[in-house]
Amino acid sequence: MKKDNSPPRGESFIRLGLLATALVIMIAAGEIAVRVWYRALDGYDMEMWRYAREMKQRTGDAALPFINKPSAAGRYYGAEIRTNSQGCRSEELAAEKGDRKRLLFLGDSFTLGFGVPLEQTFTSLIRQRLSGSTTTWEVINAGVGNYNSLMELEWFKKYGAALQPDIVVLMFYLNDVEPTPRISGSGYFLASHSYLYALLADRSRKVLTRLGRDRYSWKKYYSHLYDDTNPALRLNREALQELAALCKQNKARLVAVNIPDLHQLQPYPFPQATRYFERVCEENGIPCVDLLPQLQPHEPARLWVSFEDTHANAFANGIIADTIFRTLCALEAVPCGQR
């Protein structure tokens, strides 16, 4: 008869319990270590994660999973981000518009001005140029990190239209055709509370990028977004069409601005994204401007917040402000005495 050398059941449970306890202790120790040494470990991805953790608020709406928290503040990548009671990175707005004119910018973290002090963002620079007008202009920065065109449309429907803007400027970045993310309760809790989880996710993405995985190669990923077989393109086109109709219904003038990816400008690797943007604008009668010609003469790194963060820095925001202001002047949408 074969002898059974397996440990008694009670002993197996004890071993499993000890293993689970050791694992919990290791995870807790790792979490504490990352929190203590965060400043030595942080970078663009970690700071974006912290912004999402501290400044974003879940809505429970699948079409608009999150918004900027109203009346919140934090410092990320060296720049303070502070929101008003509408969740916008702008001055507080009066309940009644009165005789004021309002210029509303919809967009993602480029519009928000991630890594750029408020007074150096293109929205603030445009507000300064309008300050000499006989009419009071309020410039509203409704940028939210990780928004796409569908979410910008939903934000406008739920919040933006009520602000009664006279002009709406849609800032379009080439990843705005991505589908709206689905956020599960358990996944959101882990992703928004654990520094260790965020660090491991960040490091794994960087390793996969170095290995050349298509999903993590920025050139391949962005090119795939504009493949005609991508169903998200149709949803994006419909969202822009609906936004144009809503602006017309609310007597707001809609203008669109194309933001190029700043990794590489000469030659620009995503002409298909530019063609898509221009075609959709033409189909919907939306005046539009492409920022590429104004940014292209400069070395890309001259425009970045940092070597690993290709968001537009203060210098690039100045170029963007000049271009948008000239466009609005050419359209006779704003007073142009202050240039």
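May I ask for the distance between the Cα centers of the stretch 283-303 and the stretch 98-129, given as a whole number of Å? Going from one Cα centre to the other spans 17 Å. Please say if the stretch 206-334 is rounded, prolate or oblate, where rounded means a/c under 1.5 for a ≥ b ≥ c the square roots of the C-alpha gyration tensor eigenvalues, and otherwise the choice is prolate for a/b larger than b/c and oblate otherwise? Cα axes put the stretch 206-334 in the oblate bin. With the alpha-carbon atoms of the stretch 43-330 aligned to their principal axes, the span from lowest to highest coordinate is 56, 39, 35 Å, starting with the largest. Between Gly87 and Ser71, the built amide H atoms are under 5 Å apart, and every one of these is 5 or more places off in sequence or on another chain. Shape call for the stretch 266-318 from the C-alpha gyration tensor, a ≥ b ≥ c root eigenvalues: rounded (a/c under 1.5), prolate (a/b greater than b/c) or oblate? Prolate is the answer for the stretch 266-318, as a/c is 1.5 or above and a/b outweighs b/c.
How much net charge surrounds Ala245 when only the other residues with a Cβ under 15 Å from the Cβ of Ala245 are counted, with Lys and Arg +1 and Asp and Glu -1? Local charge sum for Ala245: 0.
When Lys101, Lys69 are arranged by Cβ crowding within 10 Å, least crowded first, meaning fewest neighbours, the order is Lys69, Lys101. Each residue of the stretch 115-122 was assigned a 3J(HN,Hα) from its phi angle through the Karplus curve 6.51 cos²θ - 1.76 cosθ + 1.60 (θ = phi - 60°); the sequence is x, 10, x, 3, 5, 9, 6, 5 Hz, with glycine and proline shown as x. Between Asp290 and Asn258, the built amide H atoms are under 5 Å apart, and every one of these is 5 or more places off in sequence or on another chain.
Database remark: amide H of Tyr173 closer than 5 angstrom to the amide H of Ile259 (H placed geometrically; neighbours at sequence offset of 5 or more, or on other chains; Pro and chain starts carry no H). Packing, as the average of other Cβ atoms within 10 Å across residues, places the peptides 71-78, 321-328 in the order 321-328, 71-78, highest first. Output the Kirkwood hydrodynamic radius of the stretch 44-179, Cα pairs only, in Å rounded to one decimal. With all distinct Cα pairs of the stretch 44-179 included, I get 15.1 Å.
Each reported figure results from applying straightforward, stated rules to the coordinates on display, with no laboratory input. Small disclaimer: the values here were computed from a predicted structure and weren't measured. A quick note on method: Cβ atoms are made from the backbone with ideal geometry, for glycine too, and the neighbour counts reach across all protein chains shown.
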